[in-house]
Amino acid sequence: MKILGINNTVTFERRPTKEEEPGLKAACQKTFELMGTKDRIIITHGSCFPALGYDSYIGSPYGKAAKKYMKFLQLYGFNGNQLGPGGELEMMSPGMLKPSPYNSSAFAKNKLFIDLEELTTDNYGNILSGETFNKVTSIPKITDKDYALTNFNEALKTYDTALTESFNNFKANLAKGQPQAIALDKEFKQFLKRHNKRLTDEGVFKVLANHYKTDKFEDWDNDLDKNLMDYVANGDIEALDRLATIKKANKKQIEQYKFEQFIATKQIKENKQWRDENNFKYINDLLIGCSKMDEWRYKDVFLDNYSIGAYEGNGKHQLWWLPVINPKKIFIGPELKLNRGGQFIKDKLDYALEFCENTRIDHVMGLVEPFLIRKDSIAFDENHNLDYGKLQGSLMSQTQENGQKIDDYYNYPRILEKIILPTLKEHNLKPSDPIWETICSNPDIFKEVYYNQLKLPELMTLQWERAETPKFDSKFPIQDNIIKWNERWALLGSHDDIPVQRMLAEKDWVRNNQAWNPLYLAGYLNQDPARAKRRDEFCDKISDCNPDQTRKTGEELKKADAERVKAKFAELMTRKKFELSFADLFGITDIVYNIGGVDKKDNWQERLSPDFIDKYYKNLASENPTAINVPEVLKIALQAEIDRAVLQSPYKKELRKNLYTECRPLLNELQKYADILKEPEPQQ
């Protein structure tokens, strides 16, 4: 095949060899640099990382397997990963965890992300025995499926056993004067200087949750325990005595909790050092809610009778079971000093950025104009399903109690300006740096604050939006001179979507959406008039119809859809900041990580297979690949950028010649590696 006179006939082998990998990495890296792509991010939540050598039934973004995964991503030019919230998960009942990271703690680290193998090494004083390590973990299982599954409850049993032994051995080794234990204890004490008060409170909560067999403190049958921290803050003598009794009677359990948090934090810090050395960033996720443990500790700042949710036009509002900060607890006085609720918001963001280079602001509407659902309207039908017809919801600005607006001082619309943006600045982040998750209903107050006053960029979702044209709102236009077009993060697919490969087949609105129009995609990716023939051929290849206007069917249509999906990913990669799901990169189509707003049994379980690299290459070499052939898609994107530059220049002929002189070798390299990835492994 020849494009614009470039000879793309190359000799190739199969998947890239170790000798070929540096050339592949350089080609992808150089392409992104030529296109000016600053951030190219994969979305992989912590539990979705693969196993390597051993399996503790859950992934971790901080162990050896994470490093292997990051190196693989760097091979194809990606320079970061977006995590989900990394906090401690909620306990629903003994041994049963709530798997959603969006109900996790804003402060406590997820102990299930600890690399247990590290605890068996001299670096940690061998506090976990090899015998126990082998007993509680398993050998990673290789299956025919292109994904694995997290088993949260089995992971909890594994970590409870391993970390109990690790803590006991640490204390025993310390008593014996073991040098490694002494060094570890020194770090532990430094850690406690900053975190001891919070960890003590959390440790007390853990004791009570274990006693009542659930984190859901509303179900505890003792009013004093339900409201313990509130009563303590008010100087209640009985509460102070109760707190002292719990701490004294459960000293070891509370200290073990602190030690687990120390180990988790230590490994996160060590991982950041490695990432800094390897120029790979992590983007954390500032969850809109928090865990029951956080809610219990800060009970005085939340509204009693409301839960945050999401407005749905069909009346089936999403109920997230998350607490809502009382607007009267956000600021103090006309100077808008932070009240306890405002400090809680700031602390959440500080913790999210403590060991990560950037953040995703989850459901930003909830920080301006949240949709509130009355708890006393929550009801269930005879099949224990939520009765949507009885749910009562309203926007914060419209919600009243006793005839008075609950946010009568207009505090929520000030959160971004007075808390979020200044805190980002403290972490050397510009307002345009975070991924602002603006996929919401956009009520008037939100549009006024977010777009008109603060002029913040929204997330570009290419499922229903084109990359070529700014989006305008009739009331508050987003002009290029107000919000630079290139400051917008672009997204195609997410952790809440079905795989992109399935969208055309399963969603009629996708197939009929102008963002997926073959004429648009062919024109956007082939803009140079000199390539009109190539543009028309490209359009025919990705269209539902043949050149004679007969409709494609069967395998013909399936191949056209696959090519159109490839075109959408090329469109995505022309953006200066983009992200895509790990499931889409690896072509995992048989499972959905999370179906947003639906309490589905297998939500949050999808995980990379231990042999994810082998499966990636096997997928690409198959007859109907679903994984993304990165060099192939990058070549389409680079060609589109060349075309765009030529089209915008008054000296088209001269610039075209210069650009192809510069880019021809790189286009050839990308085609070479694209062909390698398509080639099946040789028969043994």
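Across region 595-637, the qualifying residues are those that are farther than 25 Å from residue 52 by Cβ and in contact with a strand residue (DSSP E or B) (Cβ under 8 Å, 6 or more places away or on another chain), and the one among them that is modelled with the lowest pLDDT is 597.
Checking each residue of region 137-149 against the condition of being assigned to a helix (DSSP H, G or I), within 22 Å of residue 97 (Cα to Cα) and either in contact with a strand residue (DSSP E or B) (Cβ under 9 Å, 6 or more places away or on another chain) or in contact (Cβ under 8 Å) with a residue 40 or more places away in the chain (or both) gives no match. Among residues of region 52-65 that are closer than 17 Å to residue 132 by Cβ and in contact (Cβ under 8 Å) with a residue 60 or more places away in the chain, those with a Cβ under 6 angstrom from a residue that is open to solvent by 20 Å² or more (accessible area, probe 1.4 Å) and assigned to a strand (DSSP E or B), sequence gap 6+ or separate chain, pair up as 55/138. Filtered by the rule that a residue be in contact with a Leu (Cβ under 6 Å, 6 or more places away or on another chain) and of a type in the set (Val, Ile, Thr), region 276-321 gives a lone residue, 308.
Checked against (1) open to solvent by 50 Å² or more (accessible area, probe 1.4 Å); (2) polar (S, T, N, Q); (3) modelled with pLDDT of 95 or more, residue 178 passes all but a single condition, namely (1).
Here residue 315 does not qualify as out of contact with any Cys (no Cβ under 9 Å at 6 or more places or on another chain), modelled with pLDDT under 95 and open to solvent by less than 10 Å² (accessible area, probe 1.4 Å).
Please tell me if residue 274 is assigned to a strand (DSSP E or B), open to solvent by 30 Å² or more (accessible area, probe 1.4 Å) and in contact (Cβ under 8 Å) with a residue 40 or more places away in the chain. In short, no. Just need a number here: residues in region 400-445 that are farther than 29 Å from residue 493 by Cα and among the acidic types (Asp, Glu). Looking only at that region, the number is 5. Across region 359-376, the qualifying residues are those that are open to solvent by 10 Å² or more (accessible area, probe 1.4 Å) and in a helix (DSSP H, G or I), and the one among them that is modelled with the highest pLDDT is 367.
In region 86-103, what count of residues is obtained for those that are open to solvent by 10 Å² or more (accessible area, probe 1.4 Å) and within 18 Å of residue 269 (Cα to Cα)? Matching residues across region 86-103 total 2. Checked against the criterion of being surrounded by fewer than 22 Cβ atoms within 10 Å (Cβ to Cβ), within 25 Å of residue 363 (Cα to Cα) and touching a residue at least 40 places away in the same chain (Cβ under 8 Å), region 611-631 contains not a single residue that satisfies it.
Contact map, region 654-668: residues that are closer than 12 Å to residue 641 by Cβ and among the hydrophobic types (A, V, I, L, M, F, W, C) paired with residues that are open to solvent by less than 80 Å² (accessible area, probe 1.4 Å) and not in a helix (DSSP H, G or I), Cβ distance under 8 Å, separation 6+ or inter-chain. Pairs shown: 667/3; 667/6; 667/8. The conditions of being of a type outside the set (Gly, Ala, Ser) and not in a helix (DSSP H, G or I) are met by residue 650. Here 109, 135, 71 are screened, and the one residue that is within 30 Å of residue 637 (Cβ to Cβ), at pLDDT 95 or above and open to solvent by 20 Å² or more (accessible area, probe 1.4 Å) is 71. If you go through region 205-225 and pick out every residue that is open to solvent by less than 60 Å² (accessible area, probe 1.4 Å) and basic (Lys, Arg), you end up with 1.
When region 198-221 is examined, which residues are found to be of a type in the set (Phe, Trp, Tyr), in a helix (DSSP H, G or I) and farther than 9 Å from residue 296 by Cβ? 212 - this is the single residue of region 198-221 that is of a type in the set (Phe, Trp, Tyr), in a helix (DSSP H, G or I) and farther than 9 Å from residue 296 by Cβ. Considering only residues in region 244-269 that are of a type in the set (D, E, K, R), farther than 19 Å from residue 228 by Cβ and in contact with a helix residue (DSSP H, G or I) (Cβ under 9 Å, 6 or more places away or on another chain), the one that is surrounded by the fewest Cβ atoms within 10 Å (Cβ to Cβ) turns out to be 252. Considering only region 624-677, state which residues are under 32 Å from the mean Cα position of the chain (by Cα) and of a type in the set (Lys, Arg). Of everything in region 624-677, those that are under 32 Å from the mean Cα position of the chain (by Cα) and of a type in the set (Lys, Arg) turn out to be 635, 644. Before we move on, is residue 576 of a type in the set (Lys, Arg), free of Cβ contacts under 8 Å to residues at least 12 places away in the same chain and surrounded by fewer than 23 Cβ atoms within 10 Å (Cβ to Cβ)? Answer is no for this residue. Comparison of 533, 558 shows that the only residue that is free of Cβ contacts under 8 Å to residues at least 12 places away in the same chain, out of contact with any strand residue (DSSP E or B) (no Cβ under 7 Å at 6 or more places or on another chain) and in a helix (DSSP H, G or I) is 533. Taking residue 81, is it at pLDDT below 95 and not in a loop (DSSP other than H, G, I, E, B)? So residue 81 fails the test. Residue count for region 417-443 satisfying the condition of being free of Cβ contacts under 8 Å to residues at least 60 places away in the same chain and not charged (D, E, K, R): 6.
Residue 34 fulfils the conditions (1) in a loop (DSSP other than H, G, I, E, B); (2) closer than 22 Å to residue 569 by Cα; (3) open to solvent by 30 Å² or more (accessible area, probe 1.4 Å); (4) at pLDDT 95 or above except for a single criterion, (1). Scanning region 510-535 for residues that are surrounded by fewer than 20 Cβ atoms within 10 Å (Cβ to Cβ), touching a Phe, Trp or Tyr at 6+ places or on another chain (Cβ under 8 Å) and farther than 23 Å from residue 42 by Cβ turns up 513, 514. Here 470, 422, 434 are screened, and the one residue that is open to solvent by less than 60 Å² (accessible area, probe 1.4 Å), at pLDDT below 95 and not polar (S, T, N, Q) is 470. What number goes with the only condition from (1) open to solvent by 10 Å² or more (accessible area, probe 1.4 Å); (2) polar (S, T, N, Q); (3) closer than 17 Å to residue 367 by Cβ that residue 307 does not pass? Looking at each condition in turn, residue 307 falls short on (1).
Residues in region 382-396 that are assigned to a helix (DSSP H, G or I) and open to solvent by 30 Å² or more (accessible area, probe 1.4 Å): 388, 389, 390.
The values are calculated or read from the model by the stated rules, or taken from the named source; none is laboratory data. Because the structure is a prediction, the values reported are computed rather than measured. Every residue, glycine as well, gets a Cβ built from its backbone with ideal geometry; the counts of neighbours run over all protein chains shown. These area figures cover heavy atoms from the full protein model, side chains too; ligands, DNA and RNA do not enter into them. Shrake-Rupley method; radii C 1.70, N 1.55, O 1.52, S 1.80 Å.
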